[in-house]
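The structure under discussion appears below in the form of structure tokens.
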Amino acid sequence: MVESKLDEKLLIEAAQGDPRRFADLYRMHFDRVYAYVARRVATRSDAQDLTAEVFQQALANLRRFEWRGVPFAAWLYRIAANAVTDHHHRTERDQNVPPNPEPGRDEYERAERRASLYRAVRELPADQRRVIEMRFAEDRNIAEIARALGRSEGAVKQLQFRALGSLRARLDEEDDA
């Protein structure tokens, strides 16, 4: 769900006046920033740390942000790109691995798609969400999940099947919109 430019401008102005209102902007943009960062770093913990750093920098510099009609996400992506570059300079300097090149529009679109997926997973029923998280985020097999949840392997497979069907339908629906 993307807010209108006017709604976003009002949220930014409110957060500039009262930093506690930044939480609304955080919730609105967290998934896309996390997806963007996660695609560029090696570990989940690095992605989490860098995403937190992006929002800390955004909050610290929010008073200097000037509304120019460009989505707030573009500013956050710029902060994220700089954070990722700095991270690569800090951690990969000795390995002579160049940082990722400047992201293009397709990179932003992939980040948006991943953000949509994260939102869709969060909206699944709790048992389906847990199976998807364990299967794909924690990389567990069906037998491990069944043991952890106290369910049969068939029940876990059915939950996974339903969850993937729901996710596919939700993402297809967003693509059509």
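The values are calculated or read from the model by the stated rules, or taken from the named source; none is laboratory data. Fair warning: this is a prediction, and the values are worked out from it, not measured in the lab. Ideal geometry is used to build each Cβ from the backbone, glycine not excepted, and the neighbour counts take in all protein chains shown.
Within segment 64-89, residues that are over 22 Å from residue 40 (Cα atoms) and in the same structural domain as residue 15 (by TED's automatic domain parsing) have Cβ atoms under 7 Å from residues that are buried (at least 19 other Cβ atoms within 10 Å of the Cβ) and β-branched (Val, Ile, Thr) in these pairs: 65/12; 67/12, counting only partners at least 6 apart in sequence or on another chain.
One residue alone among 137, 163 is under 23 Å from the mean Cα position of the chain (by Cα), assigned by TED's automatic domain parsing to the domain that holds residue 175, at pLDDT below 90 and more than 20 Å from residue 51 (Cα to Cα), and that residue is 163. Out of 53, 66, one residue alone is within 20 Å of residue 11 (Cα to Cα) and at pLDDT 80 or above. It is 66.
Determine which member of the set 121, 156 is β-branched (Val, Ile, Thr), under 22 Å from residue 28 (Cα atoms) and either modelled with pLDDT under 85 or in a helix (DSSP H, G or I) (or both). Of the residues listed, the single one that is β-branched (Val, Ile, Thr), under 22 Å from residue 28 (Cα atoms) and either modelled with pLDDT under 85 or in a helix (DSSP H, G or I) (or both) is 121.
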